[in-house]
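The values are calculated or read from the model by the stated rules, or taken from the named source; none is laboratory data. Please read all numbers here as calculations on a predicted model, not as lab measurements. Counting neighbours? That spans all protein chains shown, and the Cβs are built from the backbone with ideal geometry, glycine included. Heads up: the accessible areas ignore ligands, DNA and RNA and are worked out on the full protein's heavy atoms, side chains in. Shrake-Rupley method; radii C 1.70, N 1.55, O 1.52, S 1.80 Å.
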Amino acid sequence: MRYMMFIKHAKDYQNAKVPASLYEEMGKFVKEATKNGNFVSGAGLQPPSAGARVTLKGGKITVTDGPFVESKEIVGGYAIIDAKSREEALALARRFMELHLKHWPTFEGECEMRPLEGEAQPAS
């Protein structure tokens, strides 16, 4: 089953200096997960100021360039993973967050994980 994971954090972190050791350990994590067949794709995202929103509301489509002042949290990156079970996917997400805890102890955020639509769910 494939899952999408999003790393989300408070807006305060968008200009923070990420510790070099976190980047180094994330590289090792991705390399190992790729070798094991778990990592499909992923990347960090540029700040919201580099983005845009395309909104459909009231029958009208509008485009708003970033940054988005009303945002309370920011998606900082994503990963698509392939896991044999929900438990294996959760273990990968937890390990990802443990790297943040170890190498950036003041960081606060979350890793949201959701199965991709159309993926077969294992029997319970």
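In table form, for the structure just shown:
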item: Tabulated pairs, the stretch 67-95, first of a type in the set (Asp, Glu), second in a strand (DSSP E or B), C-beta under 7 angstrom, 6+ apart or interchain; result: 73/8; 73/9; 73/10; 82/2; 82/40
item: Yes/no for residue 86 being basic (Lys, Arg) and under 14 Å from the mean Cα position of the chain (by Cα); result: no
item: Single residue of 17, 11 found to be more than 17 Å from the chain's Cα centre (by Cα) and not aromatic (Phe, Trp, Tyr); result: 17
item: Residue list for the stretch 53-78, filter: in a strand (DSSP E or B), surrounded by 11 or more Cβ atoms within 10 Å (Cβ to Cβ) and of a type in the set (A, V, I, L, M, F, W, C); result: 74, 75
item: Residue ID - nearest to residue 44 (Cα to Cα), chosen from residues in the stretch 79-120 that are among the basic types (Lys, Arg) and not in a helix (DSSP H, G or I); result: 114
item: Candidate set: the stretch 28-46, residues that are open to solvent by less than 40 Å² (accessible area, probe 1.4 Å) and assigned to a helix (DSSP H, G or I); chosen: the one farthest from residue 116 (Cα to Cα); result: 29
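Yes/no per residue for (1) acidic (Asp, Glu); (2) touching a Phe, Trp or Tyr at 6+ places or on another chain (Cβ under 9 Å):
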{"position": "46", "(1), (2)": "no, no"}
{"position": "59", "(1), (2)": "no, no"}
{"position": "65", "(1), (2)": "yes, no"}
{"position": "72", "(1), (2)": "no, no"}
{"position": "76", "(1), (2)": "no, yes"}
{"position": "80", "(1), (2)": "no, yes"}
{"position": "85", "(1), (2)": "no, no"}
